[in-house]
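Right, one structure below, let's go through it.
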Amino acid sequence: MIDTIQETENYAASYAALEGKRGSQDPAWLKQVRRSALDSFLRLGFPSTHDEEWRFTSVAPIARVPFQLAANAKAPDSATLAQWTFGSWPGIQLVFINGVFSRELSWNPAASTGLSAGSLAEAWATNPSSVQPHLARYARVSTEPFAALNTAFLSDGAFVRLPRGCVVDEPIHLIFLTSAEAARPQVCHPRVLVVAEANAQVRILESYASLGPGVCLTNAVTELVAEENAFVDHYKLQRESLEAFHVGTVQLHMGRSANVSTQTISLGGSLVRNHVNAVLDGEGGEATLNGFYLVNGRQHIDNHTCIDHAKPHCSSHELYKGILDGKAHGVFNGRIIVRPDAQKTDSKQTNKNLILSEEALVNTNPQLEIYADDVKCTHGATIGQLDADSIFYLRSRGIDLDSARHLLTYAFAGDFIHRLKIDPLRAALEASLFARLAEGREDV
Amino acid sequence: MLEIKNLHAGIGGKKILQGIDLKVNAGEVHAIMGPNGSGKSTLSQVLAGRETYVVTEGQVLYQGGDLLEMAPEERAREGIFMAFQYPVEIPGVNNTYFLKAALNAIRKHRGEPELDAMDFLKLVRSKVKLMEMDEGLINRSVNEGFSGGEKKRNEIFHMAVLDPRLAILDETDSGLDIDALKSVAKGVNALRSPQRAMIVITHYQRLLNYIVPDFVHVLSGGKIVKSGGKELALDLEAKGYGWLEEAV
C-alpha cells in the first residue's frame, strides 16, 4: 500500500500543478471531469498482476518510474516530421506534440463539408455543446486506472466531428509525437474524441511515434462515437521507440446500424498494453476489431479487447495476428459479452500467433460471456512456428532457407496487411515487416 | 547422371532403405514400383534432401558430385525436381510469385540472367497451355483449395517451368481419376528429352500405360528386388507383388 501511495503521489502533484496553470481557462464541467478522474486513479492505483485483467502484464516498470508531465516540447524539424508522415498523404494531417495540437505543423485544407478537425481544447472552449455530451462519457474512467489517469490530465487532444451525412473522402491522419529525454522520463496523455453523426463516413489513422530516445510513457485514450448508420474505419499505428511504454484505450460506442472497424498495429515500445472496447448499443451494428503485432527482443505486447453486444442483430469480427521473435512476450485477451437482449448476435474471434524463436512466449485467452440463447459465437486461437513441410517444399524448388522463412512470415501477415484500406499505411507496414525480416533473427 | 550405391536410410531410428543400388542416365525414364511401406517415398525424400530422413550408409552421386552433402535448394538449383506425393498448401504465397522466385534462383545459379515479369509471364502462359491447366490457378495461393488433380497438375506445371535435369515423380498418379491421370501423363511426356532423366515412383501399373518407362524396378523391404524392362510392370499387374516378396 505504501508503495502504491508513493507511485501515485507523483501524479497527484503533477495534477495540482496543471490545475493551477489551467484552472482559470477551462470550463467548470471539465475541471469536474478531471477531478473525479484523479480521484478514481488515486482510489484504483496501478493494477497489479493479482488483478485478473493484468495477470500477464506487470506495470511495475511503469509505476516505479517518477514520470514528469511532458511540457511543451520544441517542434521537430521537417526532416524528423517527414519520418512519420508517409511522404504523401492525401488528406488532413494534424500533429500533436505531447498531446498538444500544433497548428504550425498541421495541414488542414479548408473543409467544405462541415467537418471539424483540430484541437480538442479549442473545441471545448468555442463549441462546448459538441464536446461536453461525449467527452469522458464512454471510456471507463471509474474502473480503468490508465483511462482515469489520462482523463485527470485532459488539457488538449484531437477532436474530429462529422455532422449528419458528412462524408470525408480522404483519410485523416492524427500524428502523436511524444518527446523523450534520456535524463528525465516524461509522460503524456494524448486524447482523441471522434463523433460521427448519423450517416457520416470517415477513415482515420492515429499514429504514435517518439521524438528521440529515452524512457517515456504514452498513455492514450480515444473515444469514438458512431451514431446511427455512420461508417468509421479507424487505425491506430504505434511505432514508438523501444524504450517507450505505451498504454492505450480505444473506446467505441456504436448506434443503430453503425459500422466501425478499428485496426490496432503495434510495432514499437518496450511494454505495450492496448485496450480496444466496443459497445454495440443499437440494433444491426457491425464492429470489426483487427490487430497486428510484430515484436522482437524483450518487447511485451498485450492486447485486451472487449466487445459488448448490448442490442440484437449485431455482428462483430475480430482477427488479431502476431509475429514474435527473440524473447518477446505477447498477450491476447478477447472478451465478448452478449447481453440477454442481444439475440441474433453473430460474433467471430480469431487470434493467430507466429513464433519465430525458441524463447518468445504467447498467452492467449478467449473470454465469452453469453446471456442470450439465439446467438452465434465462435473463437479460435493458434500459436505456432513456421511449418516445416512448407519450408521444405519451397526449398525443394530452389528457394533458400532464409527466403523461404521470409516468404512464409510475410504470407502469415498478408491477410491482415491486405485488408488495410489506406495505401501509404499498407506500404509502411510492409516496409517495416521486410526491414524486420532483413535484420535476421537474434537467436541465430 | 545419378548413381545410388548401397543406400541405407531411415527416419526416427527406424531403418527403411536397406541397401539401394540404382544408376540413371540422361534420357532414361525409370519406374520404381512397390507395395506400401517398401521405401518408395523414403527414397524420393532422401533424394530431394528432406532432413528428417537420416542416411546411415551408402552414397549418392549426382553429376559426379556428392548429392547427400547438398542442401535441398542446392539440389534444386543443380537441376533436381521432386513432384510431391502430397503437395503442400501454402496460404498467402502466390503460386506465380513463388515460381518466379524459384526459377530466378535456379537461373542465377546457372549463370543465366533473371527473367523479368514480362518474359516470365510469357513462359508461364506457354506451360499453362501445355499442362491444360486452369489459368486461374496460377494466381492463387500455392495449392490452397486446389483439388487433388489440380495439385498434381500444378506440380507438373512447376516442373515444366523449372526445366529440371532429373525429375522425381512421387506417386503423382495416386488419387487421380483417369482423365486427370491422362492429362498429367501428357504433360510429363512432353517433358521427356534426351537431356532429362526421370524417376517415376508409383504404386500402380496403370500410370505406366501412359508414361512408358525404359526400366522398371521393384522395391520391397527397402531393397530393389527385381529390375527389368517395361514388361516387368505388366507381370506385376498380372501377378501382384506377392511372388517377388516370396522370392526374396
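At 0.36 nm per residue, and after removing the present C-alpha to C-alpha distance, how many nm does the segment from B:GLU132 to B:GLU57 gain when stretched out fully?
22.8 nm
For segment A:253-374, what is the Kirkwood hydrodynamic radius in Å, using each pair of distinct C-alpha atoms?
14.8 Å
Apply the Karplus parameterisation 6.51 cos²θ - 1.76 cosθ + 1.60, with θ equal to phi minus 60°, to every residue of segment B:124-141 and state each ³J(HN,Hα) to the nearest whole Hz, in sequence, with x for glycine and proline.
For segment B:124-141, the Karplus curve yields 4, 4, 5, 6, 4, 5, 4, 7, 6, 9, 6, 4, x, 5, 6, 9, 8, 5 Hz.
Ignore the peptide's own chain and count Cβ atoms of other chains within 10 Å of each Cβ in B:45-53; give me the average, rounded.
Whole-number average of other-chain Cβ neighbours for B:45-53 is 2.
Quick one: which residues, 5 or more positions from A:CYS377 or on another chain, have an amide H under 5 Å from its amide H? H modelled 1.01 Å from N in the peptide plane, none for Pro or chain starts.
A:SER347
Anything over 30 Å Cα to Cα? Flag those among B:LYS122/B:LYS186; A:LYS376/B:LYS152; A:LYS236/A:LYS348; A:LYS311/A:LYS352; B:LYS23/B:LYS186; B:LYS152/B:LYS230, in the order listed.
A:LYS376/B:LYS152
What is the set of long-range amide H partners of A:THR288 at a cut-off below 5 Å, with H atoms built 1.01 Å from backbone N?
It is A:VAL260, A:SER261, A:THR262, A:HIS317, by chain and number.
Just to be sure I understand the curve: with the Debye formula and one point per C-alpha of segment A:71-111, what is log10 I(q)/I(0) at q = 0.17, 0.18, 0.21, 0.27 Å⁻¹?
-0.47, -0.52, -0.70, -1.07
Using a Debye calculation, one point per C-alpha and no hydration shell, please list log10 I(q)/I(0) for segment A:1-112 at q = 0.23 Å⁻¹ in order.
The computed values of log10 I(q)/I(0) come out as -1.20.
Shape call for segment B:139-220 from the C-alpha gyration tensor, a ≥ b ≥ c root eigenvalues: rounded (a/c under 1.5), prolate (a/b greater than b/c) or oblate?
oblate
Would you pull out the residues with amide H under 5 Å of B:SER220's amide H, same chain only if 5 or more places away, H placed 1.01 Å from N?
Close amide H contacts, sequence-distant or interchain: B:VAL225.
How many Cβ atoms of partner chains, on average, are near each residue of A:386-392 if near means within 10 Å of its Cβ?
Going residue by residue through A:386-392 and averaging, the value is 5.
Per residue Cα convex hull volume for chain B, in cubic angstrom?
Hull volume over Cα atoms, normalised by residue count, gives 122 Å³.
Ordered by residue, what ³J(HN,Hα) values in Hz, to whole numbers, does segment B:188-194 give under the Karplus form 6.51 cos²θ - 1.76 cosθ + 1.60, where θ = phi - 60° and Gly and Pro are x?
5, 4, 5, 9, 5, 7, x
What does DSSP give for segment B:2-247 in terms of the percent of beta bridges that are antiparallel, rounded to the nearest 5?
Restricted to segment B:2-247, the bridges split so that about 60 percent are antiparallel.
Could you state, as a whole-number percent, how many of the C-alpha pairs of segment A:225-284 are farther apart than 18 Å?
Beyond 18 Å sits 41 percent of the P(r) for segment A:225-284.
Residue separation times 0.36 nm, minus the C-alpha to C-alpha distance between A:LEU401 and A:GLU359: what's the value?
Computed gain between A:LEU401 and A:GLU359 is 13.1 nm.
What does the average come to when, for each residue of peptide B:154-165, you count the partner chain Cβ atoms lying within 10 Å of its Cβ?
Across B:154-165, the average partner-chain Cβ count within 10 Å equals 1.
Using only the Cα atoms of chain A, each taken as one equal point scatterer with no solvent, compute I(q) by the Debye sum, divide by I(0), and report log10 of the ratio at q = 0.06, 0.13 Å⁻¹.
For the requested q values the scattering log ratios are -0.24, -1.22.
Please tell me which of these pairs span more than 24 angstrom C-alpha to C-alpha: B:LYS14/B:LYS40; B:LYS129/B:LYS151; A:LYS74/A:LYS421; B:LYS40/B:LYS182; B:LYS40/B:LYS108?
The answer is A:LYS74/A:LYS421; B:LYS40/B:LYS108.
Could you please tell me the mean projected area of the C-alpha convex hull for segment B:92-196, averaged over all directions and given in square nanometres to one decimal?
6.8 nm²
Given points 7 Å out from each Cα along the Cα-Cβ axis, report the B:ALA190 to A:HIS317 separation in nanometres with one decimal.
Each label point is offset 7 Å from its Cα along the Cβ direction, giving 3.9 nm.
Whole-Hz ³J(HN,Hα) for each residue in segment A:120-129, computed from phi via Karplus 6.51 cos²θ - 1.76 cosθ + 1.60 with θ = phi - 60°, x for glycine and proline: what do you get?
The phi angles translate into 5, 4, 5, 5, 6, 6, 9, 9, x, 5 Hz.
For an R0 of 51 angstrom, estimate the FRET efficiency from the Cβ-Cβ distance between B:GLU3 and A:THR80 and round to the nearest 0.05.
After rounding to 0.05, the efficiency reads 0.20.
Which aspartates and glutamates have a Cα lying under 16 Å from the Cα of A:LYS321, excluding residues fewer than 8 positions away in the same chain?
Filter leaves A:ASP302, A:ASP415, A:GLU430.
Read-outs: derived from the displayed coordinates by stated rules, not from any lab. In this text, all values refer to a predicted model and were calculated from it rather than measured experimentally. No Cβ is skipped: glycine too gets one built from the backbone with ideal geometry, and neighbour counts run over all protein chains shown.
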